[in-house]
Amino acid sequence: MVLDEEIQSEGQPVAYARVCAALEPLENSLAGIRLGILLAAPAYVAVAIFGSYLIVKKTLKPISFIIATAQSIEGGDLSRRINGVESADEVGELAGTFNEMLERLETAFRREKQFASDASHELRTPVAVISACVEDILEHPENLDPELRRSAEEIHTESRRMNAIITQLLMLTRGYEGQYHLEWEQLDLGDVIESVQEQMEGYAAEAGISLSSQVPAPIQLFGDQSLLTQMLLNLVENGIKYGKPGGFVQISARQEGAEAVLVVEDNGIGIPPDEHPLVFERFYRADRARDRSGSGLGLSIVKWIVQEHHGKISLKSEPKHGSAFEIRLPIGQA
Ligand code: ADP
């Protein structure tokens, strides 16, 4: 590299200066740096990608907490909260808002359950009094005018139905409030099935339906005998109620590993696929079921009992062909 410079004195050039420097060492170092950058670039990119991944992962971790909490709420557990996301950024704010929303939802649900429970309690006595009074009136039917007798009989039937609904509603609300204390014991599932079969045989015969059971080997189960009996009674009663004359209801049970598998199957009117998730809802009754007795609470109670036993219930059904309810219960101590 060459630098020429004119040197002046009082505006007149007096000399020329030339400075020279060799560029080779500089170019050598520049080439070295270029090579260094080229070789190190992939490592820098890799570190940048890995660093970004770690940062994004850390930022999104609270979001996966929020997702997991939202998923656990699908199972009805509104007491869950998102913990450990107290940061002042948007994610922390989202978690806080989500927790507040859960708080409000939990309070609203608690109030709704409390209302159903209080209402059932309050209705219990008047309905029992109505039943008792009408039973008194019907004790001597011969003294009654036929029209009055028909009305009294109708009041009797309806008050008994109302009593049954109130009892079921109380059971459900107590269950949801966690006030129902299960009597856990070691029991034989075959005995439960046998007792349900005995209780329902008369009703099945009246409806012209054959009721049978199949339990190839004894199944020892840890559970609440009266609740499991109630669960099976509800399913068998439905099988008969929604069955066809000349049809069947079959209860079968088998053990699969650590699970007892209980199936109640009928060849009755069946349930259309779009109603499968609805039948377990409280007070849901299909329109075609309106002319048959019932409250729409039977399957909600079945589902609650299955949940209390940490089991699962599923339904396979086709309209006009029949329904099969399958219940899987862990046999061990819950
Ligand atoms: P309900 O008191 O009306 O029987 P449930 O909760 O027991 O109430 O059942 C809800 C609805 O599910 C019923 O109204 C009926 O439409 C349908 N269902 C239940 N079990 C059966 C079945 N075995 N076959 C056909 N439909 C059924």
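So that you can scan it fast, the table gives a plain yes or no per residue for (1) farther than 16 Å from residue 193 by Cβ; (2) modelled with pLDDT of 95 or more:
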{"position": "261", "(1), (2)": "no, yes"}
{"position": "273", "(1), (2)": "yes, no"}
{"position": "277", "(1), (2)": "yes, no"}
{"position": "330", "(1), (2)": "yes, yes"}
State whether one or more residues within segment 20-39 are part of a strand (DSSP E or B) and at pLDDT below 95. yes
Read through the list (1) under 24 Å from residue 77 (Cβ atoms); (2) within 9 Å of the ligand (Cβ to nearest atom); (3) buried (at least 22 other Cβ atoms within 10 Å of the Cβ), then give the number of the only condition that residue 266 fails. (1)
Across (1) farther than 16 Å from residue 165 by Cα; (2) surrounded by fewer than 17 Cβ atoms within 10 Å (Cβ to Cβ); (3) within 12 Å of the ligand (Cβ to nearest atom); (4) of a type outside the set (Asp, Glu), residue 310 clears everything bar (3)
Say whether the condition of being farther than 21 Å from residue 185 by Cα, surrounded by fewer than 18 Cβ atoms within 10 Å (Cβ to Cβ) and either of a type in the set (D, E, K, R) or more than 12 Å from the ligand (Cβ to nearest atom) (or both) is met by at least one residue in segment 222-243. no
So for segment 128-147 (the condition being crowded, with 17+ Cβ neighbours inside 10 Å and either of a type outside the set (A, V, I, L, M) or in contact with a His (Cβ under 6 Å, 6 or more places away or on another chain) (or both)), does at least one residue qualify? yes
Pairing a residue in segment 136-156 that is without any contact (Cβ under 8 Å) to a residue 24 or more places away in the chain and among the basic types (Lys, Arg) with any residue that is surrounded by 11 or more Cβ atoms within 10 Å (Cβ to Cβ) and in a helix (DSSP H, G or I), where Cβ atoms lie under 9 Å and the two sit 6 or more apart in sequence or on different chains, gives 149/137; 149/141
Of all residues making up segment 282-307, the number that are modelled with pLDDT of 90 or more and more than 8 Å from the ligand (Cβ to nearest atom): 5
Please work out if residue 325 is among the hydrophobic types (A, V, I, L, M, F, W, C) and farther than 22 Å from residue 200 by Cβ. no
Give just the number: which of (1) modelled with pLDDT of 95 or more; (2) touching a Lys or Arg at 6+ places or on another chain (Cβ under 9 Å); (3) more than 9 Å from the ligand (Cβ to nearest atom) does residue 248 not satisfy? (2)
Qualifying positions in segment 313-332 - near the ligand (Cβ under 9 Å from one of its atoms), in contact with a Phe, Trp or Tyr (Cβ under 8 Å, 6 or more places away or on another chain) and not aliphatic (A, V, I, L, M): 323
Within segment 253-275, work out how many residues are of a type outside the set (Val, Ile, Thr) and closer than 18 Å to residue 311 by Cα. 9
Boolean, residue 112 is under 22 Å from residue 177 (Cβ atoms) and among the acidic types (Asp, Glu): yes
If you take the residues in segment 125-144 that are assigned to a helix (DSSP H, G or I) and at pLDDT below 90, which one is nearest to residue 164 (Cα to Cα)? 141
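The values are calculated or read from the model by the stated rules, or taken from the named source; none is laboratory data. Keep in mind it's a predicted model, so treat the numbers as computed, not measured. A quick note on method: Cβ atoms are made from the backbone with ideal geometry, for glycine too, and the neighbour counts reach across all protein chains shown.
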